[in-house]
Amino acid sequence: MPTRTVAYLRVSTDKQADAGVSLEAQQDKAKAYASLYDLSLVEVVIDAGESAKTLERPGLQRALTMLKTGKADALLVVKLDRLTRSVVDLGALIETYFAPGKAALLSVSEQIDTRSAAGRLVLNILASVSQWERETIGERTRDAMKHKQAQGEYIGGHAPYGYQLVDGELVADPIEQDVIRQAKELRDSELSLAAIAKRLDERGIRARNGKVFAATQVKRLVA
């Protein structure tokens with residue numbers, strides 16, 4: 001008996017949706033796949049102009065409801081990124097809807113069919129690879145930011161004490177630089193951080209917020 005299947009199609013921009021080219025191509029591929037693998041397409045659900053950043057899409061929620069209520073036994077997509085680009089969301093979908101004993105997930109491009117153990121293995125491998133790629137990119141970004149910070153380069157946010165942000169670049173502030181110099185001289189005389197803060201206050205020197213320097217702020221000044 002053919003597997004009752006709901007096909008899910010998505011385009012991310014209104015322009016694509018209006019043109020209909022991408023949707024038409026997806027629909028042709030979905031119908032061809034269904035015919036080849038003896039699937040019964042009970043409905044073709046479309047999300048036009050919807051982003052994959054969230055699962056809260058009307059079309060997708062309708063398709064998932066069909067799986068949940070037993071109106072369909074499988075969800076067919078042309079490519080996994082039509083379903084979601086998030087590894088976390090994909091994991092949640094697998095656990096909730098496509099785990100063993102639940103509905104099947106079918107993907108034309110990736111040749112995924114979770115009705116078999118091999119298909120579930122491929123899906124899990126793809127999800128793991130995507131997770132690895134995302135974490136690797138994150139690590140590279142963090143390492144690059146740390147390197148820039150170590151080199152004294154500006155990495156965004158508020159300008160550190162002693163500098164002002166001018167046209168996107170850090171420029172030394174002579175007044176604040178003098179405060180840093182005084183703090184370091186006091187530190188060289190072996191005063192504690194709290195004592196340095198008190199001495200600066202006695203000299204009428206305050207932090208940017210107009211308050212007395214905290215010990216943690218002084219620590220950054222003399223670092």
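General remarks:
- In order along the range 192-197, the Karplus-derived 3J(HN,Hα) couplings, from 6.51 cos²θ - 1.76 cosθ + 1.60 at θ = phi - 60°, round to 6, 4, 5, 5, 5, 4 Hz, and Gly and Pro are given as x.
- Helical mean residue ellipticity (222 nm; -39500 (n - 2.57) per DSSP H run of 4+; nearest 500) of the chain: -15500 deg cm²/dmol
- About the centre of its Cα atoms, the chain shows a dipole size close to 560 debye [charges on the beta carbon of Lys, Arg (+1) and Asp, Glu (-1) only; nearest 20 debye].
- Rounded to the nearest whole angstrom, the semi-axes of the ellipsoid equivalent to the range 161-218, taken from the Cα gyration tensor as √(5λ), stand at 22, 12, 9, largest first.
- The string of couplings for the range 211-217 from the Karplus curve (6.51, -1.76, 1.60, θ = phi - 60°) is 9, 5, 4, 7, 4, 5, 5 Hz, one whole number per residue in order, with x for Gly and Pro.
- For S40, the residues 5 or more places off, or on other chains, whose built amide H falls under 5 Å of its own are T3, R4, T5.
- Calculated FRET efficiency for the pair L165/R203, C-beta based, R₀ 35 Å, to 0.05: 0.85
- Antiparallel bridges, percent of DSSP beta bridges restricted to the chain (to nearest 5): 25
- One decimal place: the segment A32-T96 gains 20.3 nm when fully extended, by the rule 0.36 nm per residue minus the C-alpha distance.
- Ordering of 101-107, 84-90 by burial proxy (mean other Cβ atoms within 10 Å per residue, highest first): 101-107, 84-90
- Distance histogram in 10 Å bins (all Cα pairs of the chain, percent per bin): 7, 24, 19, 10, 10, 13, 12, 4, 0
- The alpha-carbon of K146 sits under 26 angstrom from the alpha-carbons of these lysines, leaving out residues fewer than 8 places away in its chain: K184, K219.
- Computed from phi, the 3J(HN,Hα) profile of the range 99-106 under the Karplus parametrisation 6.51, -1.76, 1.60 (θ = phi - 60°) reads 5, x, x, 10, 5, 9, 10, 10 Hz, with x in place of Gly and Pro.
- Size of charge dipole - the range 3-134 - debye, nearest 20, with Cβ of Lys, Arg +1 and Asp, Glu -1, no other charges: 220
- Relative contact order %, the chain, counting alpha carbon pairs below 8 Å whose residues are six or more apart: 13
- Prolate/oblate/rounded label for the range 45-135 (Cα gyration tensor, a/c 1.5): oblate
- Nitroxide proxy distance, nm - points 7 Å out along Cα→Cβ at W132 and R85: 2.2
- Computed on the range 5-89, the Cα convex hull volume stands at 84 Å³ per residue.
- Extreme residue, positive dipole direction of the chain, given options Y97, S40, P2 (C-beta unit charges): Y97
Bear in mind that the values in this text are calculations on the coordinates, not laboratory data. Worth saying up front: this structure is predicted, and the values here are computed from it rather than measured. In this analysis, Cβ positions are derived from the backbone assuming ideal geometry, glycine residues included, and neighbour counts consider all displayed protein chains.
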